[in-house]
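Have a look at the structure below, then the notes.
A short reminder: the numbers here are calculations on the coordinates, not readings from a lab. The structure displayed is predicted, hence computed values, not measured ones. Ideal geometry is used to build each Cβ from the backbone, glycine not excepted, and the neighbour counts take in all protein chains shown.
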Amino acid sequence: MVKSKWAVGIEPRGFTWVYRGRLAVAERPGGSTAVHRRVRRDEELLWLQHQGFTRIVSLLPVWPSVAAYEEHGLSSAHYALRASAGQRDVLASCYRDLADAASAGEVTLLHSDDVSDRILAVVAGYLVWGGSATVPTAIALVERLFRRSLGPDGRALLTDLPEAP
């Protein structure tokens, strides 16, 4: 029996590996809030499952559909990254979670509504927090990886990073 290409799902929009086989970033499975589609979400979760992902970490301001993640055998966590200042505690918890998941061999997708400056800044901050790079080096790495410049919103987030472990 021949399976269609849809049998393994579809890649989420904006999908990019940060650490191949450990951590990737993408748009929210199913699309952003305004255009979120359940069928697309299920197809993208199926693709993530087939790619070996075991965990989803959401940065959405509101809790996403955890039941859908669980149906696909994916554990999840939520760190409400808001547009306001003072996100140090949220970032510290998120970074500890990402580091613990990587140490445990989990393959994690980090997402928000879209792949915005803020999520790129979270990735750059994670590189700094983990000791892999300085802020300027992390910005350069993220800009090269995602093939775009980090704007003022992202750079502002990097001015108040949590202390390294």
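Sort 96-108, 114-126 by the packing proxy (mean of other Cβ within 10 Å over each peptide's residues), most packed first.
Result, highest mean first: 114-126, 96-108.
One-quarter of the Cα convex hull surface for the chain, in nm²?
Quarter of the Cα hull surface area: 9.9 nm².
Enumerate the amide H contacts of Val18 below 5 Å, restricted to partners 5 or more residues apart or on another chain; note that Pro and chain-start residues carry no placed amide H.
Result for Val18 returns Leu23, Ala24, Val25.
Could you state, as a whole-number percent, how many of the C-alpha pairs of segment 70-165 are farther apart than 24 Å?
Summing the P(r) tail past 24 Å for segment 70-165 gives 18 percent.
Taking the Cα centre of each part, how many Å lie between segment 36-108 and segment 116-161?
19
Amide H of Ser112: which non-local residues (sequence gap of 5 or more, or other chain) have their own amide H closer than 5 Å, using H built in the peptide plane?
Ala26, Arg28, Leu59
Based on the Cβ-Cβ distance of Val90 and Val135, what FRET efficiency does E = 1/(1 + (r/R0)^6) give at R0 = 25 Å, to the nearest 0.05?
Step by step, r from the Cβ atoms, then E = 0.85.
How do 152-163, 38-49 rank on mean C-beta neighbours within 10 Å, highest first?
38-49, 152-163
For labels at Leu145 and Arg38 in the simple 7 Å Cα→Cβ model, what's the distance in nm?
The two pseudo-label positions are separated by 3.4 nm.
Which value in deg cm²/dmol, rounded to the nearest 500, describes the helix-derived mean residue ellipticity at 222 nm for the chain, given -39,500 (n - 2.57) per DSSP H run of n ≥ 4 and division by the residue count?
-12000 deg cm²/dmol
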